[in-house]
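Trainee: Next up is a structure, given as structure tokens.
The values are calculated or read from the model by the stated rules, or taken from the named source; none is laboratory data. Keep in mind that this is a model prediction, so the values were computed, not measured. We place every Cβ from the backbone using ideal geometry, glycine too, and count neighbours over all the protein chains shown.
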Amino acid sequence: MIKRPIIIDTDPGVDDTIRIMLANSHPELDIRAITPVTGNVQYALTSRNALFLREYLGIDCKVADGSNTPLFIENKDAGDIHGTGGMGGYAVPVPKRDFDGYAWDIIKDEAEKANGELEIITLGPLTNIAVTLLRYPEIKPLIKRIVCMAGSATIGNMNPYAEFNVWIDPEAADIVFTSGIPVVMCGLDGNDYAGITIPDLLHYIEKAKGTSVEDLFTHIFTHWVHRREAAHAEDKIQVINDAITMAYFITSDMGKTEKYNVRVETKGELTAGWTIVDRYNRNKQEPNIEVLTWSDRELFKKMLDDMLDYYRK
Ligand code: BDR
Ligand code: CA
């Protein structure tokens, strides 16, 4: 089997955790490294959770020491959504193994080793990738593509326009989007199509029984059931953004994309973090980003089922 060398850049985070579980259940993916970044919760927790997930899932890969703050602005987080410790309150044991180096150095080394085949999937703010590109611009041609859970072509979740991962570090996102490396932006609106219902969540909790990931998986899915039950009627659907992006990364059958010029509003007083998707090319700029415009709910649900079958073996 020809394996795809990949790096997972992430801020775990509950949906990041499910995405790493999903990646690990696909033997065709050669996870070279997990590079944590500050985001959903403060860096001390995202990095500890990344170290823990390597051990919990038995992944043979490096875990890097990444960015503990955005490039130029103060740090924020979304701890209220991800629960205590960023894992929905799961009691994360102290990891035994430490970091294997800094994120930017490991990304550079892996890009050189993979000889043009390295793919990066980002599930958090783009700070680590921006630092890498600023520090080692010569590796840009060695990165095959970057698939990002980032942005939105319509509405945001942090202000009317901005999505969380871009809002945390807009300058970093703009550096990556304008780098010339092929980038796919799996934003909130594209992912929304693959949102799942409370009965779906309950189905997976039932199915996880007896698998090797039962305790952590059940903990996270139960956290979502409680959040969705408490939500307003129009907000009962759980969109597992990071896992949907991972599913698209695994197979492009998961969605449809259109190529547009996308820039990030870095300074706007009311709109910082807005991903400006120029659908009608009003700015007369070259399209630079593949934007996810639709995702396949049924295929996503099947991939979650298949993942749990994998962890039953
Ligand atoms: C993104 O923000 C985080 O809360 C999630 O992990 C996801 O990466 C969605 O806006
Ligand atoms: Ca995330």
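Trainee: Considering each residue of region 1-41, count those that are of a type in the set (A, V, I, L, M), within 13 Å of ligand 2 (Cβ to nearest atom) and over 14 Å from Ile250 (Cβ atoms), and give that number.
Mentor: Number satisfying all stated conditions: 4.
Trainee: I would also like to ask the following. Among (1) over 23 Å from Met87 (Cβ atoms); (2) β-branched (Val, Ile, Thr); (3) in contact with a Phe, Trp or Tyr (Cβ under 8 Å, 6 or more places away or on another chain), where does Thr251 come up short?
Mentor: (3)
Trainee: Also, I was wondering about something else. Is it the case that some residue within region 249-263 is within 16 Å of ligand 2 (Cβ to nearest atom) and at pLDDT 95 or above?
Mentor: Yes: region 249-263 contains one or more residues that are within 16 Å of ligand 2 (Cβ to nearest atom) and at pLDDT 95 or above.
Trainee: Next question, about the same structure. Just the residues that are among the hydrophobic types (A, V, I, L, M, F, W, C) and touching a Phe, Trp or Tyr at 6+ places or on another chain (Cβ under 7 Å), please, taken from region 53-103.
Mentor: Filtering region 53-103 down to residues among the hydrophobic types (A, V, I, L, M, F, W, C) leaves 53, 57, 59, 61, 63-64, 71-73, 78, 81, 87, 91-92, 94, 99, 103.
Val63, Ala64, Ala78, Val92 - these are the residues of region 53-103 that are among the hydrophobic types (A, V, I, L, M, F, W, C) and touching a Phe, Trp or Tyr at 6+ places or on another chain (Cβ under 7 Å).
Trainee: Out of region 33-59, which residues are within 14 Å of ligand 1 (Cβ to nearest atom) and either within 23 Å of Gly116 (Cβ to Cβ) or part of a helix (DSSP H, G or I) (or both)?
Mentor: Taking region 33-59 and keeping what is within 14 Å of ligand 1 (Cβ to nearest atom), we get 36-42, 45-46, 49-50, 53.
Correct list: Leu45, Thr46, Asn49, Ala50, Leu53.
Trainee: Given Ile106, Ile120, Ile155, which one is farther than 21 Å from Ala50 by Cβ and either modelled with pLDDT under 95 or surrounded by 24 or more Cβ atoms within 10 Å (Cβ to Cβ) (or both)?
Mentor: Sole residue among the options that is farther than 21 Å from Ala50 by Cβ and either modelled with pLDDT under 95 or surrounded by 24 or more Cβ atoms within 10 Å (Cβ to Cβ) (or both): Ile155.
Trainee: Suppose we keep only residues that are in a helix (DSSP H, G or I) and surrounded by fewer than 13 Cβ atoms within 10 Å (Cβ to Cβ) within region 227-245. Which one would you say is modelled with the lowest pLDDT? Walk me through how you get there before you give the answer.
Mentor: Of the residues in region 227-245, the ones in a helix (DSSP H, G or I) are 227-230, 233-235, 241-245.
Now drop any that are not surrounded by fewer than 13 Cβ atoms within 10 Å (Cβ to Cβ), which leaves 229-230, 233-235.
Values: Glu229: 87, Ala230: 89, Ala233: 70, Glu234: 73, Asp235: 75.
So the residue we want is Ala233.
Trainee: Is it the case that some residue within region 79-102 is in a loop (DSSP other than H, G, I, E, B), under 16 Å from Pro125 (Cα atoms), of a type in the set (Val, Ile, Thr) and touching a residue at least 40 places away in the same chain (Cβ under 8 Å)?
Mentor: no
Trainee: Residue check: is Thr257 of a type in the set (Ser, Thr, Tyr), under 20 Å from Thr178 (Cβ atoms) and within 15 Å of ligand 1 (Cβ to nearest atom)?
Mentor: no
Trainee: May I pose another question? Does region 18-32 hold any residues that are more than 9 Å from ligand 1 (Cβ to nearest atom) and either under 11 Å from the mean Cα position of the chain (by Cα) or part of a helix (DSSP H, G or I) (or both), and which are they?
Mentor: Once the filter is applied, which keeps residues that are more than 9 Å from ligand 1 (Cβ to nearest atom) and either under 11 Å from the mean Cα position of the chain (by Cα) or part of a helix (DSSP H, G or I) (or both), region 18-32 yields Ile18, Ile20, Met21, Leu22, Ala23, Asn24.
Trainee: To continue, here is another question. Which members of region 260-300 meet the condition of being closer than 21 Å to Ala194 by Cβ and basic (Lys, Arg)?
Mentor: Arg297
Trainee: Among the residues of region 42-51, which ones are modelled with pLDDT of 95 or more and more than 16 Å from ligand 2 (Cβ to nearest atom)?
Mentor: Matches in region 42-51: Leu51 only.
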